[in-house]
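Nothing in this text is a laboratory measurement; each read-out follows from the coordinates by a stated rule. Everything quoted here is computed from the prediction, not taken from an experiment. We place every Cβ from the backbone using ideal geometry, glycine too, and count neighbours over all the protein chains shown.
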């Protein structure tokens with residue numbers, strides 16, 4: 001009660017379809033930051049582009065054509081466009097984007113769900129093979145992904161998709177006055193933050209929950225922006241009551 005006031009962003013299950021079908025990549029995520037420093041994003045779509053650390057500022061831009069972003073990223077990396085892999089949600093709305101990326105010569109890796117993990121993958125291309133995340137996903141998920149990149153480094157630009165009067169009105173009530181504002185990480189997460197994710201089903205980022213006799217095991221990653229620390233936590237849970245399994 002007497003502790004510091006904080007903002008909390010939560011996605012208790014990113015990848016509900018993945019979990020329901022026992023497919024890889026479902027995670028539970030949350031971010032905690034100093035009070036009034038997380039963007040209070042409405043539950044609408046958000047345009048996103050993200051890359052990892054180590055590139056010049058502004059090497060990619062949300063308002064730049066996809067082909068040019070691929071070419072600029074490849075040049076900054078010192079490779080040809082054919083060595084770039086873009087991660088994109090597999091949605092009909094992305095058909096033109098996918099065609100443009102392929103036309104530029106880059107590879108496309110499609111995912112069915114999970115764009116928080118998708119953005120995080122783009123931050124470590126050596127490990128994941130993903131150089132850039134592009135496309136339209138959920139706005140709350142965009143804030144969570146920005147919190148992760150605030151901790152581990154990278155660049156991200158986003159814009160809320162407020163394409164109806166109802167959405168613009170709802171955003172206005174949440175303090176958003178510029179419907180076309182282009183957000184960067186520093187706009188979505190303005191102070192020190194913590195980001196955590198726990199695997200629900202096995203995935204490239206985290207192992208899923210495992211039931212082993214009397215023990216439930218979980219894997220969690222915890223990141224902090226002020227120190228750049230990333231901790232991987234493997235936990236064994238013997239008190240099952242807290243999981244409400246009945």
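Explain nothing, just the number: relative contact order of the chain, from Cα pairs under 8 Å at least 6 residues apart, as a whole percent.
Details: 536 pairs, mean separation 60.2, N = 246.
Once normalised by length, the contact order is 24 percent.
So what is the relative contact order for the stretch 1-56, in percent, with contacts set as C-alpha pairs under 8 Å and at least six apart? Provide the component values of the computation, followed by the final result.
Details: 49 pairs, mean separation 19.9, N = 56.
Relative CO of the stretch 1-56 lands at 36 percent.
What do you get for the angle between helix 66-77 and the principal long axis of the chain? Use alpha-carbon atoms, 0 to 90 degrees, nearest ten.
Between the helix axis and the principal axis of the chain, the angle is about 80 degrees.
Evaluate Rg over Rh across the stretch 100-169, taking Cα atoms for both radii and Kirkwood's formula for Rh.
Details: Rg = 13.7 Å, Rh = 13.5 Å.
Taking Rg over the Kirkwood Rh, I get 1.02.
Compare the peptides 50-62, 130-142 by average per-residue count of other Cβ atoms within 10 angstrom and give them in order, highest first. Intermediate values should be presented prior to the final figure.
Numbers: 50-62: 16.2, 130-142: 24.0.
With the highest mean Cβ count within 10 Å placed first, the list reads 130-142, 50-62.
Report, in cubic angstrom per residue, the convex hull volume of the C-alpha atoms of the stretch 45-189. Intermediate results must be reported in sequence, preceding the final value.
Details: hull volume 14.6 nm³, N = 145.
Each residue corresponds to 101 Å³ of Cα convex hull volume.
Answer rounded, prolate or oblate for the stretch 65-130, using the Cα gyration tensor with square roots of eigenvalues a ≥ b ≥ c: rounded when a/c is under 1.5, else prolate when a/b is larger than b/c, else oblate.
Values: a/c = 2.22, a/b = 1.14, b/c = 1.95.
Oblate, since a/c reaches 1.5 and b/c is not below a/b.
In nm, to one decimal, how far is the modelled label at residue 68 from the one at residue 37, with both set 7 Å along Cα→Cβ?
3.4
Need one number for the chain: average projected area of the convex hull over its C-alpha atoms, nm².
On the way: hull surface 60.2 nm².
It is 15.0 nm².
Calculate, in nm to one decimal, what residue 235 and residue 173 gain on full extension: separation in residues at 0.36 nm each, minus their alpha carbon distance. List each step's numbers first, then the result.
Values: separation 62, 0.36 × 62 = 22.32 nm, distance 4.10 nm.
So the chain would gain 18.2 nm between residue 235 and residue 173.
Let me check against my output: what whole-number percent is the relative contact order of the stretch 45-189, with C-alpha pairs under 8 Å and at least 6 apart?
Details: 258 pairs, mean separation 46.2, N = 145.
Reported relative contact order: 32 percent.
Cβ neighbours within 10 Å, averaged per peptide: list 95-101, 117-123 in order, most packed at the top. Write down the numbers at each step before the final one.
Details: 95-101: 15.9, 117-123: 27.0.
Put in order of decreasing packing, that is 117-123, 95-101.
Taking only Cα atoms and a 10 Å spring cutoff, compute GNM fluctuations for the chain and point out the largest among 162, 194, 89.
Sorting by GNM fluctuation, first place goes to 162.
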